[in-house]
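Below is one structure, written out as structure tokens; comments come after it.
The values are calculated or read from the model by the stated rules, or taken from the named source; none is laboratory data. Keep in mind the model is a prediction, meaning the values are calculated, not measured. As a convention, Cβ positions derive from the backbone with ideal geometry for all residues, glycine included, and neighbour counts pool all protein chains shown. Surface accessibility is based on the protein's heavy atoms, side chains included, excluding ligands, DNA and RNA. Shrake-Rupley method; radii C 1.70, N 1.55, O 1.52, S 1.80 Å.
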Amino acid sequence: MKIRVITAFPEMIKPYFSESMFKKACEQDLIDFSVWDLRDFTRDKHRQIDDAQYGGGAGMVLKPEPFFRAYDQILEQSRTEEPNIILPTPQGKKLNHDYSVELSQLDEINFFCGHYKGIDERVREYLVTHEISIGDYVLTGGELPALVIIDSLIRHIPQVLHDYQSAQGDSFTDHLLEGPVYTRPREYRGHKVPDILLSGHHKNIEEWREKKRINRTKERREELLKNKSENHLAED
Ligand code: 6GU
């Protein structure tokens, strides 16, 4: 998968790709990642990327030209004539597990990170193909959301996780939250690990784990169980 992030703050993005799961995925050529500095697509002395908004009002708006020029360059490098351009924005479609799996199946994705008051509407109208929100709150810019989206979707690319099993067993793949996990020591400050986990009865342990996941989901996120049964009905 080819991933490009076009941003006025490339230094916010780069560190993530030199660490941990992101780094391994790049090293193994599972993802081909690049960050482009939006200012490299300006042509004036001051490398200006924003300007006051027409009609008046506070806040600067990101200018269209750098994004259109970046888009031209994407087109030159791209195998497709209609590259996927993701705009992280609180006005977008909300990211969830299913949407993240869908995005992980694309060959190429490009993120246009917005800031300030927003992006000139012509970028959104003529270039952007997906507007995605990561939740109902406002962040300063599109960089963190882009990283959140990338993190969530590359976990679905086979081989990216050290142990792909762990993605398959994650919360939300089966609409259940994760249950409790324990490691050594067996007893800490008087708090004990449940006996069943030390029993060696694999079948009983699996049943116990499943029960814990169902109970936790009921307590905290009952609507997930409802979604699960609806999905099962749809499959029948
Ligand atoms: Cl995708 N962008 C910004 N700036 N704020 C957000 C968001 C995205 N999702 C939730 N809040």
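Just name one of Pro64, Tyr182, Gly141: the one whose Cα is farthest towards the positive end of the charge dipole of the chain (beta-carbon charges, Lys/Arg +1, Asp/Glu -1).
Comparing the listed Cα positions along the dipole, Tyr182 ranks first.
Which of Leu127, Gln73, Phe111 sits closest to the plus end of the dipole of the chain, meaning its Cα is farthest towards the positive end, when Lys and Arg get +1 and Asp and Glu get -1 on the C-beta?
My answer, from the dipole projection, is Phe111.
How much length is gained if the chain between Phe68 and Gln28 is pulled fully straight, taking 0.36 nm per residue apart and subtracting their Cα-Cα distance, in nm to one decimal?
Stretched fully, the Phe68-Gln28 segment lengthens by 11.2 nm.
For the pairs Lys14/Lys63; Lys203/Lys228; Lys94/Lys228, flag any whose C-alpha to C-alpha distance is greater than 21 Å.
Lys14/Lys63; Lys203/Lys228
Rg and Dmax in Å for the range 169-235, alpha carbons only: what are they?
Answer for the range 169-235, Rg first and Dmax second: 14.6, 48 Å.
Taking a probe of 1.4 angstrom, what is the accessible area of Tyr116 in Å², to the nearest 10?
100
Just subtract the alpha-carbon distance of Glu108 and Thr183 from 0.36 nm times their residue separation and send over the number in nm, one decimal.
23.1 nm
Rounded to the nearest 0.05, what FRET efficiency do Arg39 and Glu131 give with R0 = 30 Å and r taken as the Cβ-Cβ distance? Could you check?
0.80
About the Cα centre of the chain, how large is the charge dipole given +1 on each Lys and Arg Cβ and -1 on each Asp and Glu Cβ? Please answer in debye to the nearest 20.
Roughly 1000 debye, rounded to the nearest 20.
What percent does the relative contact order of the range 1-148 come to when contacts are Cα pairs within less than 8 Å and at least six residues apart?
29
Need one number: the % of Cα-Cα pairs in the range 54-102 sitting beyond the 12 Å mark.
When every Cα pair of the range 54-102 is considered, 77 percent fall beyond 12 Å.
Ranking request for peptides 126-136, 89-99: highest mean number of other beta-carbon atoms within 10 Å first, then the rest in descending order.
Ranking, from highest mean packing down: 126-136, 89-99.
Using a 1.4 Å probe and counting only protein heavy atoms, arrange Thr7, Thr173 so the residue with the most accessible area comes first.
Thr173, Thr7
Charges at C-beta only: +1 for Lys and Arg, -1 for Asp and Glu. How large is the resulting dipole of the range 169-235 about its Cα centre, in Debye rounded to 20?
It comes to approximately 420 debye.
Rank these by accessible area, largest first, 1.4 Å probe: Met12, Met21.
The ordering from most to least exposed comes out as Met12, Met21.
Ignoring ligands and nucleic acids, what accessible area does Asp151 show with a 1.4 Å probe (Å², nearest 10)?
We get 60 Å² for Asp151.
Kindly provide the pair-distance distribution of the range 116-199 built from C-alpha pairs, with 10 Å bins from 0 and whole-percent values in order of increasing distance.
Cα pair-distance distribution for the range 116-199, in percent: 12, 26, 26, 21, 9, 6, 1.
Taking only the Cα atoms of the range 55-191, how large is their convex hull per residue, in Å³?
In the range 55-191, the Cα convex hull volume per residue is 167 Å³.
Could you look at the chain and say what percent of its accessible area is carbon and sulfur, using a 1.4 Å probe and all protein chains?
About 48 percent, which is the carbon plus sulfur part of the accessible surface.
From the convex hull of the Cα coordinates of the chain, what is the mean projected area in square nanometres?
18.5
So how much accessible area does Val35 have, in Å² to the nearest 10, using a 1.4 Å probe?
Answer for Val35: close to 30 Å² accessible.
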